[in-house]
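Visitor: Could you have a look at this structure, given as structure tokens, before my questions?
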Amino acid sequence: MKDTAPRTTRLADYRPFGWRVTEVHLTFRLAPGATRVLSRIRFAPLDHAPARMTLDGEGLTLISALIDGAPVSPDLTTDGLTVDVPPAPFLWEAEVEIAPEGNTALEGLYMSGGIYCTQCEAEGFRRITYYPDRPDVMAPFTVRIESDLPVLLSNGNPTGSGPGFAEWHDPWPKPSYLFALVAGNLVATSASFQTAEGRDVELNVWVRPGDEGRTGYALDSLIRSMRWDEDRFGRVYDLDVFNIVAVDDFNAGAMENKGLNIFNSKYVLASPETATDRDFEGIEAVVAHEYFHNWTGNRITCRDWFQLCLKEGLTVYRDQEFTSDMRSRAVKRIEDALLLRAAQFREDAGPLAHPPRPDTYVEINNFYTVTVYEKGAEVVRMLASVLGPETFATGLELYFARHDGHAATIEEFFACFQEVAGDTLDGFARWWTEAGTPRVTVSRHWDGETLTLSVRQETLGGPRWIPLAVGLLGPDGEEIAPTTLLTLKDTEAHWRYVPSTATWETCSAPNGQPKTDGAPLPSINRGFSAPVLLEAGMTDAERRLIFGHDTDPFNRWDAGRQLIRAGFIGLVTEDREPDPETLAAMGRAVRDDALDPAFRALVMGLPSDDDIAQTLAEAGRTPDPDLIETGRERLREAIAALLAGDLRRLYADLAPVGPYRPDADGAGRRALRCAALSCLSVVDGPDAARALYSQADNMTERLAALSVLLRLGAAEDALADFHARWSRTPDVLDKWFALQVGSVKGSRAVETALRLTRHPDFDWRRPNRVRSVLGTMLRHHAGFHSADGAGYKVAADWIVRLDPANPQLAAGLTSPFQTWRRYDGDRQGMMRDALERIASADGLSRDTSEMVGRILG
Ligand code: PHE
Ligand code: ZN
């Protein structure tokens, strides 16, 4: 099953399929090495239907094919078949054989720990049977599963079962990528939910026997998601059952198959002893995300894969709103901005840059990116801000009403908002069709009475709408103008603040000598209202004023972050000591009990090494990974030395008061307490971490303690203890692997990763385990970039080794190479060599070869 020469798919080439599919019947006779799939599919020609029909199919053994009951002999190709068909509606019947047991790519029908399961997005259904495997072909499915396994599941509602079989019917027309089947020895944790329309829905979370004690949080998250989607978006569930199944081997996080979501067990299984606060938050968000897809993705799907962000951007926006309502809106916004800046800005600045709606691809699996997901969500968020909540809600209602049951495009989605706004919103749509992060420069002009802001954007492909939420602070930090949205629509605009009416009005460019005395200070891009690189020309003193006083928590945090980053850069490039005033300001925030502990923990978080490297590269300097790593240590020492007293008090004061609860408050307290512990250990040594490791009643603190011990080289006993406790719990053992690689310095991360790949519990066929060890090494900046090239070599060796078994997993691991042009000549040369070695591997998958080709440019 070798890949043919890479073929580029273009948006401009989109053509509808020539037939409607009116009915799909599938029968599965399950056997690990030889599963038979019988399909009965009714096709009805459209006006433009040709005389021959092409169906997708990969790795299938065709046993028989009939049209209207008469045997036919289709022409078989490596990626499907073609066959003569009548010019009227007809019945296609085919029987194929597939081997789920040998399916290591985890696409199509495969097995995970004895459980049959499927993954069909984006193009996995063609590995199950011959079909027009494209999202704009939607049909109702009926499925019969024949097997002796106790639990047999598919999409829709159950319609019958008996010894050795079960039948399902999904009345909602769906594309093939939402098909799912599960069969195995599973146990459910169940609940019932009554929808706003009065439908009783049976909810089940299915796991392997033994894991049923760790399903409660996922089930509870599902119930809250269903209620919230009714309340907030008026979206009601539409089947009698909703099943979630957890499997250990899964390439992604989870999948929204209609009525039968399949999850990576990492996003289902949780108890205080096994899951961290971050895991709980992740489970809540992913359960919600997949559930929300029922409307944004399933009821309304994508016309073609170029429209992926239609479902993903919108659904991420919805899950972000959900988390904001369940937890802290301010903290969630900071977390999302952190991810966007770290991963999406980086992607947009390098060789993998693409618009949220790309217009070409070779392998669609390579486009499940932070740009499509997170930037896609930012675009929806900006649309909501520029329209205002009511108009946005009306536009979304129109979208749901108009496109329900159809496969839509970004243009059709956008048209709903243009219509209700009565405005073409010209320039806004470039957010979907152009790549790159806009640079926005703001300059100020104060004439003693009036403040004027001049705002300019530098963007690829013409000016975009850039909504900037702006407020004004007085000289003592008091708010003198509340948040107002100024939307930049052209390359440049000027606004002046009119105090008498408390409004901003557009004006011409200011002239005259600017004054400084008594000038108000603008707080710009509050709440990260636009995902841009902002240059506001602020002094450190102004940043400290915002950091200490702004009413907008995002900008407070961001000002602190800018100060710390400037100090970090100074330390790395000029060996300058961290600025005491910055550290003092940080200390005041960390000590301020009036602030949310979660926010204070975020204030203590230092920019990542990769973030510093990116900043240096943007300033035209060559980042030195070792200097950055030592710079971080020294910064930590400086903070610890200055704040030790406060941190000791915090550590004591924040000790748990009751049993562990995975809510936002508890998580915030633990985050701050663990940040204090980690910082303090620099001056106080490992004792507190040792004590915490053995006393903690939850994984969050235990893991934080273990990480400190690893960093101090004092973790041997704790590591052995951890392994002994959790060696039979794969999701927890993954943490044990990842932490060891992530918590050591420089090239030791590579040695550790290499050593762990030889550990008896390392299993290179399990994506989660591979990502724990190799993924962590690749994200370890000083490790991956260690000067001897060992990180690059280990990465290349493993990518080449994993690629034949699991192309998606291998291709995903190439992405840390995207920054290769940032570094010195030696490193660049070694990275290029590693990439070229991967590129020249025999039979390299389309997935990995596209990634490597794009990275090399
Ligand atoms: N559609 C899934 C989601 O966003 C992600 C996914 C993509 C899963 C492709 C598997 C394969 O929820
Ligand atoms: Zn999704």
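Visitor: In what sequence do Val187, Val741, Val205 fall when counting other Cβ within 10 Å, fewest first?
Guide: Ordered from fewest to most neighbouring Cβ atoms within 10 Å, Val187, Val741, Val205 come out as Val187, Val741, Val205.
Visitor: Here's another thing I want to ask about it. How much length, in nm to one decimal, is gained on full extension between His48 and Arg634, taken as 0.36 nm per residue of separation minus their Cα-Cα distance?
Guide: Length difference between fully extended and current span is 204.1 nm.
Visitor: Would you compute the Debye intensity of region 200-299 from its alpha-carbon atoms alone, equal scatterers and no solvent, and pass along log10 I(q)/I(0) at q = 0.11, 0.12, 0.24 Å⁻¹ to two decimals?
Guide: -0.29, -0.35, -1.36
Visitor: Which FRET efficiency, nearest 0.05, do Leu642 and Asp788 yield, Cβ-Cβ r, R0 35 Å?
Guide: So, using R0 = 35 Å, E works out to roughly 0.45.
Visitor: Starting from 0 in steps of 5 Å, tell me what percent of the Cα-Cα pairs of region 680-800 lands in each bin.
Guide: That works out to 2, 12, 21, 22, 18, 14, 7, 3, 0, in percent per bin.
Visitor: Angle between the Cα long axis of helix 716-726 and the longest principal axis of the chain, 0 to 90 degrees, nearest 10?
Guide: Approximately 30 degrees, to the nearest ten.
Visitor: For Leu627 and Arg725, calculate 0.36 nm times their separation in residues minus their Cα-Cα distance, and state this gained length in nm to one decimal.
Guide: Extending this stretch completely gives an extra 31.5 nm.
Visitor: Pick out, from Ala601, Val590, Ala509, the residue whose Cα sits farthest towards the positive end of the charge dipole of region 492-610, with +1 on the Cβ of Lys and Arg and -1 on the Cβ of Asp and Glu.
Guide: The listed residue farthest towards the positive side: Ala509.
Visitor: Sticking to Cα atoms, compute the Rg of region 696-735 to one decimal and its Dmax as the biggest Cα-Cα distance, whole number, in Å.
Guide: Reported Rg and Dmax, both Å: 9.9, 27.
Visitor: Against the 2.2 N^0.38 Å scaling, with N counting residues, where does region 100-155 land? I'd like the Cα-based Rg ratio to two decimal places.
Guide: Here the Cα radius of gyration is 1.20 times the empirical estimate.
Visitor: Taking the Cα centre of the chain as origin, work out the dipole magnitude from +1 charges on Lys and Arg Cβ and -1 charges on Asp and Glu Cβ, in debye rounded to 20.
Guide: 860 debye
Visitor: Moving on to the next point. Using the alpha-carbon atoms, what tilt in degrees (0 to 90, nearest 10) does helix 625-653 show relative to the longest principal axis of the chain?
Guide: Helix 625-653 sits roughly 80 degrees off the main axis of the chain.
Visitor: Can you give the FRET efficiency to the nearest 0.05 for Ser73 and Arg837, using r as the Cβ-Cβ distance and R₀ = 35 Å?
Guide: Between Ser73 and Arg837 the formula returns 0.20.
Visitor: Quick one, can you get me the convex hull of the C-alpha atoms of region 60-178 expressed as volume per residue in Å³?
Guide: 132 Å³
Visitor: Tell me, what ³J(HN,Hα) does each residue in region 512-525 have, in order and in whole Hz, if you take phi through Karplus 6.51 cos²θ - 1.76 cosθ + 1.60 with θ = phi - 60° and put x for Gly and Pro?
Guide: Ordered by residue, 3J(HN,Hα) equals x, 6, x, 10, 10, 4, x, 5, x, 10, x, 10, 10, 6 Hz.
Visitor: Just the number: Rg to Rh for region 56-127, Cα atoms, Kirkwood Rh, two decimals.
Guide: Value, to two decimals: 1.05.
Visitor: Then there is this: Starting from the Cα-Cα distance between Leu856 and Thr483, subtract it from 0.36 nm times their residue separation and give me the gain in nm to one decimal.
Guide: That pair, Leu856 and Thr483, stretches by 129.9 nm at full extension.
Visitor: Take Leu66, Leu153, Leu563 and order them by how many other Cβ atoms sit within 10 Å, fewest up front.
Guide: Leu66, Leu563, Leu153
Visitor: Considering the convex hull of the alpha carbon atoms of region 549-655, report its projected area averaged over all viewing directions, in nm², one decimal.
Guide: The orientation-averaged projected area of the Cα hull of region 549-655 comes to 7.0 nm².
Visitor: Treat each spin label as a single point 7 Å out from the Cα along the C-beta direction, and report the Thr539 to Thr501 distance in nm.
Guide: Roughly 3.3 nm, to one decimal.
Visitor: Using a ≥ b ≥ c from the Cα gyration tensor of region 414-459 (square roots of the eigenvalues), is it rounded, prolate or oblate, where a/c under 1.5 gives rounded and otherwise the larger of a/b and b/c decides, a/b for prolate?
Guide: Because a/c hits 1.5 or more and a/b fails to exceed b/c, region 414-459 counts as oblate.
Visitor: Give me the distance in nm between label points sitting 7 Å out from Cα along the Cα-to-Cβ direction at Glu101 and Asp653, one decimal.
Guide: It works out to 6.2 nm between the two label points.
Visitor: Too long at a 20 Å Cα-Cα cut-off: which of Lys174/Lys311; Lys266/Lys311; Lys258/Lys311; Lys266/Lys735; Lys745/Lys793; Lys266/Lys793?
Guide: Correct reply: Lys266/Lys311; Lys266/Lys793.
Visitor: I would also like to ask the following. How many percent of all Cα-Cα pairs in region 124-189 sit more than 13 Å apart?
Guide: Tail of the P(r) past 13 Å holds 65 percent of the pairs.
Visitor: When N is the residue count of the chain, what does its C-alpha Rg come to as a fraction of 2.2 N^0.38 Å?
Guide: So the Cα radius of gyration is 0.97 times the expected 2.2 N^0.38 Å.
Visitor: Just round it to a whole percent: the fraction of Cα-Cα distances in region 748-791 exceeding 12 Å.
Guide: 55 percent
Visitor: Take Asp763 and Arg329, extend 7 Å from each Cα along the Cα→Cβ direction, and tell me the distance between the two endpoints in nm.
Guide: 4.5 nm
Visitor: Here's a follow-up. Compute the long axis of helix 825-839 from its Cα atoms, compare it with the longest principal axis of the Cα atoms of the chain, and write down the angle in degrees, 0 to 90, nearest 10.
Guide: The two axes meet at around 10 degrees.
Visitor: How long are the semi-axes of the equivalent ellipsoid of region 355-469, defined as square roots of 5 times the Cα gyration tensor eigenvalues? Whole Å, largest first.
Guide: So the equivalent ellipsoid measures 30, 21, 11 Å along its semi-axes.
None of the figures in this text is laboratory data; all of them are computed from the coordinates on show. Small disclaimer: the values here were computed from a predicted structure and weren't measured. Cβ coordinates were reconstructed from backbone atoms using ideal geometry, including for glycine residues, and neighbour counts include every protein chain displayed.
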